[in-house]
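A quick write-up on the structure given underneath.
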Amino acid sequence: MDGVHWTDWLRKSLLERVEKPRIAGLTLVIDDGMTSSRMRECLQITAEWIDFWMLSGCHAAMHAPGWLMDKVCLCQEYGVLPCPSGQAFAAALRADALSAYITALAESGLRSVLMADAEGRLSPRVRRDVIRRAHGQGLLVFAELSHHNGHLTHPDEVIRQVHSDLQAGADYLLLPLPSWPQGGREAEWMVEKQRLVEIMEAMGPLQNRLILKTRNPLLQLRLVEELGGKLNLADVNPETVTLLEALRRGMNPDWVWPEREVTHPEDAEGTFSPPRKQAAADGGHSSTGPVIWLDGRRGTNGRRR
């Protein structure tokens, strides 16, 4: 038994994952201002599971540029693509300085931009111009779908904007989910889940370009468990990347979900309990939900060949 560790049996039971760069099962973490030393520790452990590192606009504004560049360098060192959050884009939009903002990103060594327009001020033509200008500077473009009252409500509305941004050349589309659950009731989750299924089925092979955006860690875990490990997620806390990756790899959800004092969401406001599925022969990994297709025509930079 020399050289065999007790965890080897656990690792052998996990599903294989495509190594980076990958085009599905993407994880975009949100950095809310952790120190550079803590960030390095995090990347040393989880860099292989993190595809993009979103930099908080709040802390970027409050600290000197050198603090931010240290983080950009760490991302480059560990093979993670850094990206400014949408707050900086929104500030440049309000100042009517999008062209200068995009140029400044490219000159600072960043290779991606998040186009965020929470107020719905950008027309399709302007969104197209922004995407083309960013590509001209060599930037990967995340286009956050315009939303009102927190999220886009109807699948047809989402699909229209998805196709508009894809035709304009956006590399990935970020779909904000409600800052939900408000009350966490199971019926609300089933309605939201059906909405997402309709959107992804309508996108077909292009659904690997869609990234669901939510800061709710329990909702992130549940989305992966019920909609599949190849789902793309944004605003993931660096501290929960390991749990998320374990679910992506097919680990029994009972080993991953945090213990909850309330087992029925209807019993209390503000709770959101994990699903209690039967442990299948595949180790608890669910094969239900839509298939997240891979698009083999895309290159390593996320663009179509």
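Just give me the residues in segment 64-79 being aliphatic (A, V, I, L, M) and within 22 Å of the chain's Cα centre (by Cα), in sequence order.
L68, V72, L74
Could you tell me whether any residue of segment 42-60 is touching a Phe, Trp or Tyr at 6+ places or on another chain (Cβ under 9 Å) and among the hydroxyl-bearing types (S, T, Y)?
no
Across segment 85-114, what is the total count of residues that are crowded, with 17+ Cβ neighbours inside 10 Å and β-branched (V, I, T)?
Within segment 85-114, residues that are crowded, with 17+ Cβ neighbours inside 10 Å and β-branched (V, I, T) number 2.
When you scan segment 143-160, how many residues do you find that are of a type in the set (G, A, S) and at pLDDT below 90?
2
Residues are listed down the side, and each one gets a yes or a no for (1) open to solvent by 40 Å² or more (accessible area, probe 1.4 Å); (2) touching a Pro at 6+ places or on another chain (Cβ under 7 Å); (3) β-branched (V, I, T); (4) modelled with pLDDT under 90:
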position: M39; (1), (2), (3), (4): no, no, no, no
position: M54; (1), (2), (3), (4): no, no, no, no
position: C75; (1), (2), (3), (4): no, yes, no, no
position: V80; (1), (2), (3), (4): no, no, yes, no
position: C83; (1), (2), (3), (4): no, no, no, no
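Just checking, how many residues over segment 215-241 are within 23 Å of M39 (Cα to Cα), without any contact (Cβ under 8 Å) to a residue 40 or more places away in the chain and open to solvent by less than 10 Å² (accessible area, probe 1.4 Å)?
Count: 1.
Just checking: which of the helices (runs of 4 or more DSSP H) contained wholly in segment 1-86 hold 1 or more residues that are under 17 Å from L105 (Cβ atoms)?
In segment 1-86, the matching helices (runs of 4 or more DSSP H) lie at 57-62, 65-77.
Can you pull out every residue in segment 90-114 that is part of a loop (DSSP other than H, G, I, E, B) and in contact with a helix residue (DSSP H, G or I) (Cβ under 9 Å, 6 or more places away or on another chain)?
Of everything in segment 90-114, those that are part of a loop (DSSP other than H, G, I, E, B) and in contact with a helix residue (DSSP H, G or I) (Cβ under 9 Å, 6 or more places away or on another chain) turn out to be A95, A97, S108, G109, L110, R111.
Can you spot a residue in segment 57-67 that is in contact with a Lys or Arg (Cβ under 9 Å, 6 or more places away or on another chain), touching a residue at least 24 places away in the same chain (Cβ under 8 Å), open to solvent by 40 Å² or more (accessible area, probe 1.4 Å) and over 21 Å from L210 (Cα atoms)?
Scanning segment 57-67 turns up no residue that is in contact with a Lys or Arg (Cβ under 9 Å, 6 or more places away or on another chain), touching a residue at least 24 places away in the same chain (Cβ under 8 Å), open to solvent by 40 Å² or more (accessible area, probe 1.4 Å) and over 21 Å from L210 (Cα atoms).
Being open to solvent by 50 Å² or more (accessible area, probe 1.4 Å) and in contact with a Gly (Cβ under 9 Å, 6 or more places away or on another chain) is the filter here; which residues of segment 115-134 pass it?
A118, R128, R132, listed by residue number.
Given N252, N208, which one is open to solvent by 10 Å² or more (accessible area, probe 1.4 Å) and either of a type outside the set (A, V, I, L, M) or under 26 Å from A170 (Cβ atoms) (or both)?
Only one candidate passes the filter, namely N252.
The values are calculated or read from the model by the stated rules, or taken from the named source; none is laboratory data. Note that this is a predicted model, so its numbers are computed, not measured. Using ideal geometry, Cβ is built from the backbone for each residue, glycine included, and neighbour counts are taken over all protein chains shown. SASA here: full protein model, heavy atoms, side chains in, ligands and nucleic acids out. Shrake-Rupley method; radii C 1.70, N 1.55, O 1.52, S 1.80 Å.
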